[in-house]
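Since the structure comes first, as structure tokens, the remarks are kept for the end.
Nothing in this text is a laboratory measurement; each read-out follows from the coordinates by a stated rule. The structure presented is a predicted model; accordingly, all values stated were derived computationally and were not measured. Methodologically, a virtual Cβ is constructed for each residue, glycine included, from the backbone with ideal geometry; neighbour enumeration extends over all protein chains shown.
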Amino acid sequence: MQRLKQPMPPQPRRRQRGISLIESLIALVVAALGILGVVGVQMRTLTDTSTTVRRAQAIRLIEDLGERMKANPNALAVIDNYLSDFSHNPSPTNCPTNGCTNAQQAAYDLAIWKQSVKVLPLGQARIFTPPAEKGLNAAQKRQLGVMLAWRENEADTSSAYKDAIDTTKIKVGTNYLAGAGTEAVCPANFTCHLQYIPVSARCAPYNPSGGAVGATTQFYCAGS
């Protein structure tokens, strides 16, 4: 007699273990967004650090120009020889070997200093007469304005945190009004540092004729 096969009992369903492909993709996207956020913060920090370093370099370069003027006892007598535009890149003369006049010494210091400004990215400089001393003769001037310009390592050069420096404008309250002259305007797409420096007065100008019109101005150097 043939036996009948007993039906197989139903198998219990096994629960799913692990994670699905969609959940894995979501986790990867969230992790990627977090990494991008950290990278963005790091890049912003590096940019701010670079800006601080460049501005410190600019301050040191202006201090160097001031020290050069102090070393030149007749810098005040030839103050106009230090004036220079952004595009002006003079070649230094051979002052250390052949000696120079007062004007040549000023031109030599300016040429050497302009070369050192190139340590900044696309660095350039302009030296100008401050608006308050416009119209004065060389013997009456006592300071110079110096503006250094350089490029930042970022694509967006129109960010709101950068102040547009324009010395042709005068601040009245919270408004900027147009002033006279074109002393120094920060070039487009550049970051600038503006500073005014006093000119060395080791040799003070005086008029031996008591201020008579047409009299030759002479210079008295302390200790001479």
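A simple count of charges around V119, restricted to other residues whose Cβ falls under 10 Å of its Cβ and scoring Lys, Arg +1 and Asp, Glu -1, yields +3. Here segment 59-154 yields Rg over Rh of 0.98, to two decimals, using C-alpha coordinates and the Kirkwood radius.
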